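Structure first, commentary second.
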Amino acid sequence: MFGACPACGAGVWGDPGQHMGICTGCGQQIGRWHVADALLERLAETEVTGTPAQPSRECAKAGIRLPASTIRGWIHKGKLQTDPNGRVSLSRLVPLLRERGERR
């Protein structure tokens with residue numbers, strides 16, 4: 001599963017290694033990166049926080065590989081701040097994810 005369809009919210013499924021998948025709801029052919037971009041837009045607007053493992057799982061749902069260890073590394077390097085409980089804001093990950101994507 002690539003993630004949620006930006007058009008209808010149903011699941012977009014495709015073969016591993018393929019760039020295009022099919023939405024189970026509306027039947028549209030959707031690109032893996034289109035699903036990921038839609039997730040990034042939703043993350044940019046949210047104030048939800050979580051431990052490093054939680055945003056890692058949320059990103060994985062949309063096909064974005066973001067290990068919790070990478071998030072912890074960003075915290076250690078001072079690129080990402082946590083709240084007093086060690087939780088990170090999902091919205092603060094978006095600029096770091098975009099920067100990471102541009103380097104690839």
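Summary table below
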| quantity | calculated |
| --- | --- |
| Sites matching trypsin sites (Lys or Arg not before Pro) across segment 15-72 that sit in DSSP coil, with at most 13 neighbouring C-beta atoms within 10 Å | R65 |
| Options (1) 0.92; (2) 1.01; (3) 1.12 - which one matches Rg/Rh (Cα atoms, Kirkwood Rh) as calculated here | (2) |
| Solvent-accessible area per residue for the chain (1.4 angstrom probe, square angstrom) | 61 Å² |
| Sulfur and carbon atoms: percent of accessible area, the chain [1.4 Å] | 51 percent |
| Net charge dipole size for the chain [Lys, Arg +1 and Asp, Glu -1 on Cβ; Debye, nearest 20] | 420 debye |
| Average Cα contact separation per residue, segment 8-104, under 8 Å, 6 or more apart, as relative contact order % | 23 percent |
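The values are calculated or read from the model by the stated rules, or taken from the named source; none is laboratory data. Computed from a predicted structure; not experimentally measured. Cβ: placed from backbone, ideal geometry, glycine included. Neighbour counts: every protein chain shown. Note: areas computed on protein heavy atoms with side chains; ligands, DNA, RNA excluded. Shrake-Rupley method; radii C 1.70, N 1.55, O 1.52, S 1.80 Å.
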